[in-house]
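Below you'll find the structure, written out as structure tokens, and then a few comments.
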Amino acid sequence: MTQQQTVLRDAMRRLNMTRDAFAARIGVSRRALDTWLLPDESPESRAMPEIAARYVGEILARMPEGSASTQSAYPIEFEGRPQLLSIDQFSRESAEALFRTADMMQPIARRRKITRVLEGAVLANLFFEASTRTRVSFGAAFCRLGGSVCDTTGFTFSSMAKGESIYDTSRVISGYADAIVVRHPEQGSVAEFARATNIPVINAGDGPGEHPSQALLDLYTIQREFSRLGKIVDGAHIAMVGDLKYGRTVHSLAKLLSLHKGLKFTLVSPASLEMPAHIVERIGRGGHVIEQTSDLRAGLANADVVYATRIQKERFADESIEGYTPDFQINRALVDDVCGRDTLIMHPLPRDSRPGANDLATDLNHDSRLAIFRQTDNGIAVRMAIFAALLGVENQVRHSMRDATWKSPASVGPDDAVFHGFD
Ligand code: NCD
């Protein structure tokens with residue numbers, strides 16, 4: 001049945017239809033479609049009748065790319081090599097093909113199934129900057145595909161502290177591993193790693209530059225949440241809030257979102273931390289409406305997505321954050337006041353929860369609009385899809401899946417209990 005969810009999501013994405021429009025197109029009720037999209041383990045999940053499956057198959061077969069649009073039709077490449085360095089490598093179609101693979105990975109990410117398609121492969125996870133989720137989720141994604149992970153963290157315990165160049169480090173690791181994930185504080189440094197090797201390199205954050213895998217998992221989350229809420233990404237209003245100058249996640253996400261049509265971007269930041277001009281210009285070229293403001297309350301009004309970010313103090317030269325007062329905090333009172341029932345509240349995490357930080361407050365933790373842990377959960381499926389594409393195994397995954405044998409809880413955290421059986 002897992003296959004049915006992947007096919008239905010792929011069909012809706014490629015037809016660019018809301019659930020209601022798609023249900024009408026295939027002549028079923030929205031409720032029936034919802035039950036076909038639920039994960040197999042949900043008590044309300046239902047198998048799609050044979051005739052509906054055949055009809056959806058026919059609709060897909062008539063589409064320009066045919067019925068089996070696989071990721072391999074859109075390789076992730078940089079200068080002819082399998083590398084993920086920038087979100088500029090993606091078109092709307094190639095991102096959506098990757099999401100199809102990510103949908104296929106969901107039962108593995110949710111620990112219902114296992115695969116060993118990367119058995120024997122080794123990932124080198126090289127993190128020269130602080131990280132919790134990116135490092136662990138890339139590692140966990142590789143392990144869930146059957147591979148193994150070797151990692152190093154920080155400069156102190158690496159040979160870079162002895163003056164070793166990026167070239168030498170990259171070339172040496174290439175003899176040990178089958179893929180390298182790198183995070184480094186300098187913009188452009190991961191591209192330098194990539195030039196010194198023929199094995200796949202993934203940029204997990206290069207200073208204030210880019211963070212492409214985060215942008216992909218963010219857009220994937222927006223699409224899945226919008227699907228449930230009966231919306232599509234075209235025409236959406238996205239408010240990005242916080243440190244838009246140094247926040248690499250918003251740089252990559254703004255570029256990826258701008259591949260859609262008719263968006264409205266409200267960029268909310270203190271004057272000293274505005275979105276870099278080249279990104280604003282890039283969004284502008286897509287014909288989207290852009291508003292820049294330092295007024296949080298006005299900026300959030302009518303937003304479909306509020307994407308909050310942490311102030312990147314570690315990257316400050318001489319910026320002041322004057323004006324970044326407690327009224328800059330996104331909390332329950334503000335969200336209840338100016339946002340709708342369907343507004344998604346997102347954040348790449350980590351959020352700074354220390355007193356006076358003015359980051360996203362914790363009083364929204366049990367509010368279903370808060371999508372931050374669904375973002376992190378989705379990160380596993382999307383990073384598995386990235387590895388599968390770069391290492392050329394995406395077409396082997398489906399047939400390799402077996403049932404997981406251990407016991408795991410129905411929902412992994414108290415926050416997602418509100419979402420149980422609701423996908
Ligand atoms: C972000 C990063 O490192 O760019 N975190 C992440 O990868 N999810 C955001 C941040 O550090 O504020």
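Look at where the Cα atoms of the range 201-267 and of the range 102-164 average out, and the two centres are 23 Å apart.
Do you know the Lys pair count in the chain for C-alpha distances under 21 Å, with sequence separation 8 or more or different chains? Qualifying lysine pairs in the chain: 8. Dipole orientation for the range 1-69: of the candidates S42, A23, T6, A23 has the Cα lying most toward the positive pole (charges on Cβ; Lys, Arg +1; Asp, Glu -1). Just checking the listed ones, R100, R110, R332: in the Gaussian network model of the chain with Cα springs under 10 Å, the one fluctuating most is R332. Highest mobility in the GNM of the chain, judged by mean-square fluctuation with C-alpha springs under 10 Å and restricted to I26, I330, I199, is found for I26.
Packing, as the average of other Cβ atoms within 10 Å across residues, places the peptides 155-167, 249-261 in the order 249-261, 155-167, highest first. When only the Cβ of Lys, Arg, Asp and Glu is charged (+1, +1, -1, -1), the dipole of the range 1-69 relative to its Cα centre reaches about 260 debye.
Simple rule: put +1 on each Lys or Arg Cβ and -1 on each Asp or Glu Cβ in the chain, find the dipole, and look at S72, A357, V241; the Cα lying farthest toward the positive end is S72. For the chain, the 222 nm mean residue ellipticity estimated from helices alone, with every DSSP H stretch of n ≥ 4 adding -39500 (n - 2.57) and the total spread over all residues, rounds to -11500 deg cm²/dmol. For the chain, a crude dipole built from +1 on the beta carbon of Lys and Arg and -1 on the beta carbon of Asp and Glu, taken about the Cα centre, is about 1160 debye to the nearest 20.
DSSP beta bridges confined to the chain are antiparallel in about 10 percent of cases. Projecting the Cα atoms of N395, P270, H347 onto the dipole axis of the chain, where Lys and Arg carry +1 and Asp and Glu carry -1 at the beta carbon, places N395 farthest toward the positive end. Computed about its Cα centre, the charge dipole of the range 213-373 is approximately 580 debye, with only Lys, Arg, Asp and Glu carrying charge at their Cβ.
Rule-based calculations on the coordinates, nothing more; no lab input. Fair warning: this is a prediction, and the values are worked out from it, not measured in the lab. Quick reminder, even Gly has a Cβ in these numbers, built from the backbone with ideal geometry, and neighbours come from all protein chains shown.
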